[in-house]
Amino acid sequence: RKEVEQDPGPFNVPEGATVAFNCTYSNSASQSFFWYRQDCRKEPKLLMSVYSSGNEDGRFTAQLNRASQYISLLIRDSKLSDSATYLCVVKGGATNKLIFGTGTLLAVQP
Amino acid sequence: GAGVSQTPSNKVTEKGKYVELRCDPISGHTALYWYRQSLGQGPEFLIYFQGTGAADDSGLPNDRFFAVRPEGSVSTLKIQRTERGDSAVYLCASSFGTSANTGELFFGEGSRLTVL
């Protein structure tokens with residue numbers, strides 16, 4: 001079983017739609033959680049951290065459920081520019097390495 | 001430039017050859033990470049350095065892979081006796097400290113390795 005699992009998609013949604021991505025992780029000792037964004041043929045970039053209480057950054061909302069070892073990302077009012085791969089990232093329990101999921105591809109259609 | 005710099009950007013080699021990939025991190029960043037990414041996959045952790053020492057090398061797939069960071073800045077990933085399965089984009093990232101709190105890694109554009 002992979003340490004971090006995501007539905008690879010693709011998610012094809014119209015502009016203005018709300019879309020949610022989910023991620024599960026296997027190491028219950030994991031301490032920190034993040035969402036990264038990766039554009040086609042580009043390097044990954046941090047989108048936002050995920051806090052236990054849930055957190056919001058504009059149209060993006062991230063949530064964490066430690067009991068279920070589950071992380072989510074909600075994007076409201078999707079824009080064409082949101083089209084990218086969204087990577088769920090977990091900081092390993094024993095070290096500081098960041099483990100990436102396979103990513104979920106989002107395509108926002110006009 | 002101020003970002004993470006990786007060279008070469010593209011490398012084509014033949015099976016069995018030796019390859020070196022270089023990473024120049026952001027100045028002042030103490031932590032340096034190597035990942036590799038295959039098409040349709042997320043970045044796969046290889047190794048990370050805190051200063052000059054390898055703090056975690058558990059992701060190196062086998063003893064053909066080795067990485068160094070002798071002066072705590074530039075790092076070189078070395079691959080011996082390359083195999084076709086080594087073909088991937090090798091990503092380097094750096095962060096200030098251990099990224100334990102912010103989780104923000106700054107990635108280079110990667111070195112695309114193709115083994116024929």
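The values are calculated or read from the model by the stated rules, or taken from the named source; none is laboratory data. These numbers were taken from a predicted model, which means no experiment stands behind them. We place every Cβ from the backbone using ideal geometry, glycine too, and count neighbours over all the protein chains shown. All accessible areas refer to the heavy atoms of the entire protein, side chains included, with ligands and DNA or RNA removed. Shrake-Rupley method; radii C 1.70, N 1.55, O 1.52, S 1.80 Å.
Quick rundown of the values:
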| quantity | calculated |
| --- | --- |
| 10 Å binning of all Cα-Cα separations within chain A, expressed as whole percents from 0 upward | 15, 49, 29, 6, 0 |
| Over chain A, relative contact order from alpha-carbon pairs under 8 Å, at least 6 apart, % | 38 |
| The protein assembly as shown: C-alpha gyration tensor shape, a/c 1.5 cut-off, then a/b vs b/c | prolate |
| Within the accessible area of chain B (1.4 Å probe), percent carbon and sulfur | 48 |
| Carbon plus sulfur fraction of accessible area for segment A:1-43, probe 1.4 Å, in percent | 45 |
| Pairwise label distance in nanometres, A:Asn12 with A:Gln31, each label 7 Å out on the Cα-Cβ vector | 4.4 |
| Rounded FRET efficiency, nearest 0.05, which uses the C-beta distance separating B:Glu83 from A:Asp57 and R0 of 35 Å | 0.25 |
| Per residue accessible area in Å² of chain B, where ligands, DNA and RNA are left out and the probe is 1.4 Å | 48 |
| Inter-site label distance for B:Thr114 and A:Asp77 at 7 Å from Cα along Cβ, in nm | 4.4 |
| Viscosity 1.002 mPa s, temperature 20 °C, Stokes-Einstein D of segment A:1-48 from Kirkwood C-alpha radius, µm²/s | 163 |
| Global geometry of chain B, whether rounded, prolate or oblate, following the gyration tensor of its Cα atoms and the 1.5 cut on a/c | prolate |
| Residue pairs, from the table A:Lys2/B:Lys15; A:Lys2/B:Lys17; B:Lys17/B:Lys78; B:Lys15/B:Lys78, whose Cα atoms sit over 19 Å apart | A:Lys2/B:Lys15; A:Lys2/B:Lys17 |
| Accessible surface buried upon B-A contact (total; probe 1.4 Å; Å², nearest 100) | 1700 |
